[in-house]
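Below: one structure, written as structure tokens.
The values are calculated or read from the model by the stated rules, or taken from the named source; none is laboratory data. Quick caveat: nothing in here was measured; it's all calculated off a predicted structure. Because the Cβ atoms are built from the backbone with ideal geometry, glycine has one as well, and the counts that use them run over all protein chains shown. Note: accessible area is taken over every heavy atom of the protein model, side chains too, but ligands, DNA and RNA are not part of it. Shrake-Rupley method; radii C 1.70, N 1.55, O 1.52, S 1.80 Å.
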Amino acid sequence: MIRKTIKKEIKELFRDGRVRISIFIVLLLLGVAVWISGRQYQNTNQDYAAAKSSEREVWDNQGEKNPHSAAHYGTYAFKPKYPLSLVDQGVDKYAGTSIFLEAHKRNEAQFSAATDQTGLSRFGDLTPDFILLFIMPLFIVLLGYNSFTKERELGTHSLLKSAGARGWKIVLGKWIALFLPVLVITVSLLLLAGIVLSNLPDYGVFQWSSLFAMGLVYLLYYAVFTNLVLWVSHWTKRSGISLVVSLSLWIVACLAAPKAASNIAEARHPYPTRQEFAANVLKDKEGGLDGHNPWSKEAKLLEEQVLAEHGVDSLHQLPFNFNAYRMQKGEEHEAEVYFKQYNYLKEQYQKQSGTYRSLALLSPFLPARFLSMGIAHTDYATHWDFSDAAENYRIATQKFLNGNTAQNTKYGERGYKASADFWKQLPAFDYDPPGLDKVLENNSSNLMILGMWTVLSFILLFISTKKI
């Protein structure tokens, strides 16, 4: 009975011209989206490699220069483009791509792709994640809204009952027949993406395990919609009513719930404005050591402490330049201020994420969205991690520069210049995102919620259709 049901349903699907046209359109959109994203990914990586090489060359060829002048001259940390961003671009469009690293200040990431786009970008981009998250559930609705209602309308429902067909076998057959085209399309897309990524020059950073995990997330997401659409079709009497109810579920799950969750999270845990953030940073800075002000109370206390530690009574007797030492201590204080204020932003982000998780019970879209972005390394967590890595590199760079001045000059000495080869001794900035295990650990709650949606929707479908 299961095999016969599958065969019957698939034949009916492909006899319907609307279904054939829909499958063709979805495949065409997916192909175009992968091609466009592949080109963007390749071009972005080329720009990234060129900018990284060019900026490093500029840093290495500064010539003879005072290290503190080089600290203010600064350099850049560039955020790499990760392979699975070809499938899910996440927040990369809105997050910056590079951070300017300079003395005394932590800068935000700049040059996001969204700032270079027109107002038309508000209508969305044709990307694989848009097709996978929005269009594929709609495709499931189109294929399955009349799975049971057509049996009643054509009179075959009574024939099934009189033949003694068991309900769960009919449901399972219809489920497999509805899910099979979705499975083929999803697997084909991911294989196409894997083949494209495998043939790019930076294939070494691409992992098939991450692509497999992402595919599993999407298949669980589609299983939920398949269950819900079949359940609606079973409990409604007319195909038109079933289509309207199924479309309403799609609108609520994919459009209304994510927007409502975003508004609720922002209302409950708002970020400070840019002016408030700058004011808080300035206030905390004023409460500590200023490396450029030798007459402040904090500078005098530091001076007394250093003299006592080295058992001397004059700064000239220290084995290093105290001015450079004081500037480094000032840098460390300012770094602590920035870490404090940015940690507050991350705390707000974590609270907003908690709100999203609590509201994910209303829609399977939310856990699937966050899991997909996390696996693709295009979520806010990865962006925060990159920003922290860039800040740690900035602090290490300032210590490297101030340390050179402190060890190679005497207190009060001016006009010192480091050699032209000194700059090459600074290690290049390199960032590796968290591995798949760490990503899944951080998103364990989203994985659990998506799994719960899958299990409960299966239970709902098979219990409610036990007697057909």
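For the reader, a short list of remarks on this structure follows.
- When region 413-468 is filtered for residues that are of a type in the set (S, T, N, Q) and closer than 30 Å to Arg56 by Cβ, the ones remaining, listed by number, are Ser419, Gln425.
Conditions tested, residue by residue: (1) surrounded by 16 or more Cβ atoms within 10 Å (Cβ to Cβ); (2) under 27 Å from Trp35 (Cβ atoms).
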residue: Ile170; (1), (2): yes, no
residue: Ile176; (1), (2): yes, no
residue: Phe212; (1), (2): no, yes
residue: Gly215; (1), (2): yes, yes
residue: Val224; (1), (2): yes, no
residue: Lys237; (1), (2): no, no
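- Only one of the numbered conditions (1) in a helix (DSSP H, G or I); (2) more than 30 Å from Arg268 (Cβ to Cβ); (3) of a type in the set (Gly, Ala, Ser) is violated by Ala368, and that is (2).
- Scan of region 66-101 for residues that are modelled with pLDDT under 90, within 28 Å of the chain's Cα centre (by Cα) and open to solvent by 30 Å² or more (accessible area, probe 1.4 Å), ordered by number: Lys81, Gln89, Tyr94, Thr97
- Region 380-410, residues that are open to solvent by 10 Å² or more (accessible area, probe 1.4 Å) and charged (D, E, K, R): Asp385, Asp388, Lys399, Lys410
- Pair list, Cβ < 6 Å and 6+ apart or interchain, from region 401-413 residues that are within 10 Å of Phe322 (Cα to Cα) and touching a residue at least 40 places away in the same chain (Cβ under 8 Å) to residues that are among the small types (Gly, Ala, Ser) and not in a loop (DSSP other than H, G, I, E, B): Thr405/Ala324; Ala406/Ala324
- Scanning region 257-268 for residues that are open to solvent by 50 Å² or more (accessible area, probe 1.4 Å) and of a type outside the set (S, T, N, Q) gives Lys259, Ile264, Glu266, Ala267, Arg268.
- Looking only at residues in region 5-49 that are at pLDDT below 75 and surrounded by 13 or more Cβ atoms within 10 Å (Cβ to Cβ), the one that is farthest from Ile170 (Cα to Cα) is Asp16.
- Selection within region 269-281: residues that are touching a residue at least 40 places away in the same chain (Cβ under 8 Å) and over 22 Å from the mean Cα position of the chain (by Cα). The member of this set that is least open to solvent (accessible area, probe 1.4 Å) is Val281.
- Residues in region 282-293 that are open to solvent by less than 100 Å² (accessible area, probe 1.4 Å) and acidic (Asp, Glu): Asp284, Asp290.
- Residue in region 183-199 that is over 28 Å from Ala253 (Cβ atoms) and open to solvent by 60 Å² or more (accessible area, probe 1.4 Å) present: yes
- Options Leu366, Leu362: the member that is of a type outside the set (Ser, Thr, Tyr), open to solvent by less than 60 Å² (accessible area, probe 1.4 Å) and in contact (Cβ under 8 Å) with a residue 12 or more places away in the chain: Leu366
- Residue match in region 337-350 (condition: open to solvent by less than 40 Å² (accessible area, probe 1.4 Å), touching a residue at least 24 places away in the same chain (Cβ under 8 Å), aromatic (Phe, Trp, Tyr) and not in a helix (DSSP H, G or I)): no
- Qualifying residue in region 411-420 (condition: open to solvent by 90 Å² or more (accessible area, probe 1.4 Å), at pLDDT below 90, touching a strand residue (DSSP E or B) at 6+ places or on another chain (Cβ under 8 Å) and farther than 27 Å from Tyr145 by Cα): yes
- Residue count for region 421-462, restricted to those that are open to solvent by 50 Å² or more (accessible area, probe 1.4 Å), assigned to a helix (DSSP H, G or I) and under 30 Å from Asn66 (Cα atoms): 2.
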